[in-house]
Amino acid sequence: MKKFEIQNVKDTRSGFGAGLSILGKENPKVVALCADLTGSLKMDAFQKAHPERFFQAGIAEANMMGVAAGLTIGGWIPFTGTFANFSTGRVYDQIRQSIAYSHKNVKICASHAGLTLGEDGATHQILEDIGLMKMLPGMTVINPCDYNQTLAATIAIANHEGPVYLRFGRPAVPNFTEENQTFEIGKALLLNEGKDVSIFATGHLVWKAIQAGEKLAEMGIDAEIINIHTIKPLDEEAILKSVAKTRCVVSAEEHQMNGGLGDSIAQLLARKMPTPMEMVAVNDSFGESGTPDDLMKKYGLEAENIVAAVQAVLSRK
């Protein structure tokens, strides 16, 4: 099992803020809109450096999406910022009608996703957002795993023509991917080669998958671990290549089992390569108030749950 060095522990939302700040200097067409959460979204640096390109929408997320759609008509590249729940569930009609339907070049940037929002509780812990957004025709959906990857993804989506949903989080997590990396939309990243099982993980669960891989190696199980940072478009070639070798699959994500990454992989395999599969995800449940660590344990999103899923799928191989 390949060893990964943790450079530091940082929140992914800060990666977004850093990427947006770089874009502010390098791309004069980038504008930012926020729904009264500038500090939480780490958009302060952009606001201070480019006040003429920053728009505070207030607690009016639906209006913010409409304004963002309108700005694209003038050639601007708007980045909207608020919590994932307010970026999707609260404004789904506006995204569908004003952005996705007309393929507007809006970058919907969503922080505080999943259970790791923590103590704010179930009303804020959206676990359906990936499903909501990937179902929209033409919408690109990205869920990076650490600070460095989020920074790179933020920069990359400015050069992508069309609507994008970029999902990241609040807690400090291991930062282990390459610094100053080039982010390629739709290209999965092979983290560890293996022959016994394919583990496809996204977001915060990528590091958990690496930890699981280490435990599995101690058990004599050789796991192939792949970071699926882009959920749509899905890197079908990388997935099928891995599964052709291992013949069994585990997916891992901080999202509902229905509608998430595992759902997309299962659809692909059902069409092209039927394969035994287990999914590590939240199983048809809302979250609750608690610390991020406690919630991840309670809802079965830890490395030990990935290990158990691998053991289960190997028994069906």
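Values in this text are rule-based calculations from the coordinates and carry no lab data. As the structure is a prediction and not an experimental result, all values here were calculated from the model. Here the Cβ positions follow ideal geometry from the backbone for every residue, glycine too, while neighbour counts run over all protein chains shown.
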Where nothing but the Cβ of Lys and Arg (+1) and of Asp and Glu (-1) is charged, how large is the charge dipole of the chain around its Cα centre, in debye to the nearest 20?
-> 700 debye
By how many degrees, 0 to 90 and rounded to 10, does the Cα axis of helix 303-314 deviate from the longest principal axis of the chain?
-> 50 degrees
Assign unit charges at the C-beta atoms only (+1 for Lys and Arg, -1 for Asp and Glu), then state the dipole size of the stretch 1-65 relative to its Cα centre in Debye, rounded to the nearest 20.
-> 320 debye
Starting from the Cα gyration tensor of the chain, take the square roots of the eigenvalues, sort them a ≥ b ≥ c, and report rounded, prolate or oblate (rounded when a/c is under 1.5, otherwise prolate if a/b is larger than b/c, else oblate).
-> prolate
Helix 236-246 vs. the chain, principal-axis angle (Cα, 0 to 90°, nearest 10) = 20 degrees
So which of Lys42/Lys297; Lys245/Lys297; Lys3/Lys42; Lys10/Lys232; Lys195/Lys241; Lys3/Lys107 end up more than 23 Å apart, counting from Cα to Cα?
-> Lys42/Lys297; Lys245/Lys297; Lys3/Lys42; Lys10/Lys232; Lys3/Lys107
Loop trypsin sites (Lys or Arg not before Pro), the stretch 28-95 (other Cβ atoms within 10 Å of the site Cβ: 15 or fewer; DSSP) = Lys29
Checked the stretch 39-145 against the a/c 1.5 cut and the a/b vs b/c comparison, axes a ≥ b ≥ c from its Cα gyration tensor; verdict oblate
